[in-house]
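**Q** Pasting a structure here, questions to come.
The values are calculated or read from the model by the stated rules, or taken from the named source; none is laboratory data. As the structure is a prediction and not an experimental result, all values here were calculated from the model. Backbone-built Cβ (ideal geometry, glycine too); neighbour counts: all protein chains shown. Surface areas here come from the heavy atoms of the whole protein model, side chains and all, with no ligands, DNA or RNA. Shrake-Rupley method; radii C 1.70, N 1.55, O 1.52, S 1.80 Å.
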Amino acid sequence: MNFKNQFTVYVLVFFSALLGLPIQAQKRKTKKKDQPNVLIIYTDDHRFSGVHALGGMQVKTPNIDALIADGVSFSNGYLMGAFSGATCVPSRAMLLTGRNVFDLQGQGHSIPPEHTTIGEALQANDYNTHIVGKWHQDNASLARSFDSGDRLMSRGLYLVDHFRMPLWDWKKDGDYKFEDGYLLEYDKNGKVVRRPISKEDKRGPTGTEKNGPHTSEIYAESASEYIKGYKKKNPFFMYLAFHAPHDPRQAPQEYKDMYPVEDIVLPPSYMAQHPFDNGDMFLRDEELAVWPRTPEVAKQELSDYYAIITHLDAQIGKVIASLKESGAYKNTLIVFAGDSGLAVGNHGLMGKQNIYDEDGVHIPLIFSGNLIKDKGSKRDALAYNFDIFPTICDFIGVDIPSSVTGKSLLPVINKEKASVRDYTYHAYKQFQRAYRKGDYKLIEYVRAKNYDKKNGETVKGSRVTQLFNIKNDPWEVYDLSFFPEYADQVKTMRKEMKEKAKELGDIKENIEGEKYGFWEFY
């Protein structure tokens, strides 16, 4: 090779290296000792407006508000939907795998080995992974996702009581037996002691703060102890999964006293009764309050909801304090999110088995801590909970697994892009679909076949169309679908929604175990 050709090659190599620099700079390529810790705080049935700084409601959440002030919050964070009335199952599967609801295995109860979990991804990058609290998936995926854990919930018995919650110690082999479960309660001297679960332990809610510590207190204490005692050189990843503010809406009396029922202000979407059968009107969540949901009933439910949220917020404050006391706060990425919305009287509903925003799919989503530079800022970009996994990977500078189908929000956090999505699509079983784009949201309901063991095959639901201007009407009160001037808007969004359904694979064959599909009845 002559000198001229050699020089040309060197120049090309040099400029190729320069061109590669921006790509590398998008990720935090740090030395192992500087790799950020990661803490995910995931709350249960915690709607967007259940955080004061986000929704401006009466609920008091000073510690979560502080996370918002010290980070970036998303005003349009969403759950995509669910094929289970227990929406927390697919929600957690989406969070943990970074996959959308149509990409899960079945309803999300099990995570197959080919779906890399966030715990596995960070383990592969020398993180010590730890879980505290609620786990709604299979034992095998639990075992392979974490190196350690404590105070595990949902491993074999549920007493429907925050003050009498069955717990299990961490087992690396994933072999959790009923007889290994225990309760924490106070002895006659007020000391917390553990005792085995017995057949005499009846389903609640019957407990109070006199019986034992609340689940939020138990999980926060465990998480704080781990953080303060962490001495390893490698960074940690903690998945702290609270059960609150899921029903039963129990809280210590001092928190209940903060919200006198007569002082509660009902939100704009309060209704005594939902105007039509949405397909899943009669299940456990809706049985928590009598019909009609009178103002008195709705106010009592909201009072209890706010009380358990404020109690939860106080426990979250203890976890953040432990980060600061230990010195870990300066190098920890904190992600806070709720797993679903919750109606609590909105539209005459109590549960989350719907795809209205606050009632079912609108969630708080916050990236916070010392490592976030644009403090106290908000982003309007559309986001799903399964975008959290790739965002964390992008932020700490590790490769996003190929099994992940979510999108990193880091370009939005860094203000490199205004958004990474131009629409959201939502599904609830075979009865409901929604499409959000721009200022408008279309919801379509169908009357469809349904099957359960008790009643066999039945027909449920109603063929209804709703159109809301989410920008002007965030509580979805004013249905615009029947006004002539919105006919073209409905037509356009229906067409686009069908197209997105095909792109996403919204057919029953994609959801293991589903007998019926929405589009068969549309």
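**Q** In nm, to one decimal, how far is the Thr465 label point from the Asp479 one, both placed 7 Å along Cα→Cβ?
**A** Placing both labels 7 Å along Cα→Cβ, they lie 1.2 nm apart.
**Q** Let me ask something else. Counting Lys and Arg as +1 and Asp and Glu as -1, what is the net charge of the other residues whose Cβ lies under 13 Å from the Cβ of Thr97? Kindly include the intermediate steps, with their values, before the conclusion.
**A** On the way: positive: Arg92, Arg99, Arg144; negative: Asp103, Glu114, Glu120, Asp138, Asp387.
In short, -2.
**Q** Related question: Under a Cβ-only charge scheme (Lys and Arg +1, Asp and Glu -1), can you give me the dipole magnitude of the chain about the Cα centre, in debye to the nearest 20? Write down the numbers at each step before the final one.
**A** Details: 68 positive and 69 negative charges, 313 e Å.
The calculated dipole for the chain is roughly 1500 debye.
**Q** Report, in deg cm²/dmol and to the nearest 500, the calculated mean residue ellipticity at 222 nm for the chain, where each DSSP H run with n ≥ 4 adds -39500 (n - 2.57) and the sum is divided by the residue count. Walk me through the intermediate numbers first.
**A** Working: 12 runs with 140 residues, N = 522.
Here the helix-only value at 222 nm equals -8500 deg cm²/dmol.
**Q** Okay, moving on. Would you be so kind as to identify all helices of the chain, as entire DSSP H runs, whose Cα atoms reach 20 Å or more along the helix's own axis and whose mean Kyte-Doolittle hydropathy is at least -1.0?
**A** Helix filter hits for the chain: 3-25, 215-229, 295-326.
**Q** Oh, and also: Which longest run of the chain has no exposed loop site in it, a site being GluC sites (Glu not before Pro) in a DSSP loop with at most 14 other beta carbons within 10 Å, and the site itself not part of the run?
**A** On the way: sites that count: Glu114, Glu200, Glu416, Glu512.
With GluC sites (Glu not before Pro) excluded where exposed in loops, the chain gives 201-415 as its longest stretch.
**Q** Further question on the same structure: Show me 418-427, 345-354 ranked by packing, highest mean number of other Cβ atoms within 10 Å first. All intermediate terms of the calculation are to be shown ahead of the outcome.
**A** Details: 418-427: 17.9, 345-354: 25.8.
Final packing ranking: 345-354, 418-427.
**Q** If you don't mind, another one. Set the Förster radius R0 to 45 Å, insert the Cβ-Cβ distance between Asp439 and Asn189 as r into 1/(1 + (r/R0)^6), and round the FRET efficiency to 0.05.
**A** Values: r = 60 Å, r/R0 = 1.33.
E(calc), rounded to 0.05, equals 0.15.
**Q** With unit charges on the beta carbons (Lys and Arg positive, Asp and Glu negative) and the dipole taken about the Cα centre of the chain, which residue among Val490, Gly360, Gln107 sits farthest to the positive side?
**A** Value computed over the given set: Gln107.
**Q** Are there chymotrypsin sites (Phe, Trp or Tyr not before Pro) in the stretch 66-122 that DSSP marks as loop and that have at most 14 other Cβ atoms within 10 Å, and which are they?
**A** On the way: sites: Phe74, Tyr78, Phe83, Phe102; in loops: Phe83, Phe102.
Here no chymotrypsin sites (Phe, Trp or Tyr not before Pro) fit, given the DSSP loop and packing criteria.
**Q** At 1.4 Å probe size, with every protein chain present, just tell me what the per residue accessible area of the chain comes to in Å². Can you show the working numbers first?
**A** Working: 21820 Å² over 522 residues.
Per-residue value: 42 Å².
**Q** Tally Lys and Arg at +1 and Asp and Glu at -1 over the other residues with C-beta under 12 Å from the C-beta of Glu457: what net charge comes out?
**A** Working: positive: Lys449, Lys453, Lys454, Lys460, Lys515; negative: Asp452.
Taking every Cβ under 12 Å from that of Glu457, the sum is +4.
**Q** Still on this model: Regarding the chain, what's the average projected area of the Cα-atom convex hull, expressed in nm²?
**A** Averaged projected area of the chain's Cα convex hull equals 28.8 nm².
**Q** Quote to one decimal, in nm, the extra length available between Lys210 and Ser75 on full extension: 0.36 nm per residue of separation minus the C-alpha distance between them.
**A** Details: separation 135, 0.36 × 135 = 48.60 nm, distance 3.86 nm.
The Lys210-Ser75 span can extend by a further 44.7 nm.
**Q** Let me ask something else about it. Can you check what the Kirkwood hydrodynamic radius comes to for the stretch 279-406, Cα pairs only, in Å to one decimal?
**A** Numbers: mean 1/r = 0.0572 Å⁻¹.
About 17.5 Å for the stretch 279-406.
**Q** Past 19 Å, Cα to Cα, is the threshold; run Lys231/Lys324; Lys233/Lys407; Lys429/Lys471 against it and keep the listed order.
**A** Numbers: Lys231/Lys324 15 Å; Lys233/Lys407 30 Å; Lys429/Lys471 27 Å.
Table pairs above 19 Å Cα-Cα are Lys233/Lys407; Lys429/Lys471.
**Q** Of the chymotrypsin sites (Phe, Trp or Tyr not before Pro) in the stretch 131-198, which ones lie in a loop per DSSP and count no more than 16 other C-beta atoms within 10 Å? Walk me through the numbers before you get to the answer.
**A** Working: sites: Trp135, Phe146, Tyr158, Phe163, Trp168, Trp170, Tyr176, Phe178, Tyr182, Tyr186; in loops: Trp135, Phe146, Tyr158, Phe163, Trp170, Tyr176.
Here the sparse-neighbourhood loop sites are Tyr158.
**Q** Let me ask something else. For Ser402 paired with Thr294, estimate the spin-label separation in nm (one decimal), with each label point 7 Å from Cα along the Cα-to-Cβ line.
**A** About 6.2 nm separates the two model spin labels.
**Q** Add +1 for every Lys or Arg and -1 for every Asp or Glu among the other residues with Cβ under 12 Å from the Cβ of Ala328, and state the total.
**A** Details: positive: Lys228, Lys231, Lys232, Lys324, Lys330; negative: Glu325.
Net local charge, Ala328 excluded: +4.
**Q** Now for a different question. Give, rounded to the nearest 20 debye, the magnitude of the charge dipole that the stretch 161-304 has about its Cα centre when Lys and Arg contribute +1 at Cβ and Asp and Glu contribute -1 at Cβ.
**A** 880
**Q** Compute the distance from the alpha-carbon center of the stretch 277-320 to that of the stretch 206-258, in whole Å.
**A** Here the two parts' Cα centres lie 19 Å apart.
**Q** Can you tell me, using C-alpha contacts under 8 Å and at least 6 residues apart, the relative contact order of the stretch 72-222 as a whole percent? Write out the running numbers ahead of the final one.
**A** Working: 248 pairs, mean separation 23.7, N = 151.
The normalised contact order for the stretch 72-222 reaches 16 percent.
**Q** Further, regarding this structure: Could you tell me the convex hull volume per residue, in Å³, taken over the Cα atoms of the stretch 409-476? Working shown, then result.
**A** Numbers: hull volume 8.3 nm³, N = 68.
That works out to 122 Å³ per residue.
**Q** Let me ask something else about it. With all protein chains present, how much of the accessible area of the stretch 159-317 (probe radius 1.4 Å) comes from carbon and sulfur, to the nearest whole percent? Please report the intermediate quantities before stating the final value.
**A** Working: 3880 of 7390 Å².
Ligands and nucleic acids excluded, carbon and sulfur give 52 percent.
**Q** Taking all protein chains in place and a 1.4 Å probe, what share, in percent, of the accessible surface of the stretch 82-122 do carbon and sulfur account for?
**A** Details: 390 of 860 Å².
Using a 1.4 Å probe with all protein chains present, the stretch 82-122 comes out at 45 percent carbon and sulfur.
**Q** So in the chain, what percent of DSSP beta bridges are antiparallel if you round to the nearest 5?
**A** Values: 41 of 72 bridges.
Around 55 percent antiparallel, to the nearest 5.
**Q** To continue, here is another question. So which trypsin sites (Lys or Arg not before Pro) in the stretch 219-256 pass both tests, a DSSP loop state and at most 16 other Cβ atoms within 10 Å of the Cβ? List each step's numbers first, then the result.
**A** Values: sites: Lys228, Lys231, Lys232, Lys233, Arg249, Lys256; in loops: Lys231, Lys232, Lys233, Arg249.
Hits after loop and neighbour filter: Lys231, Lys232, Lys233.
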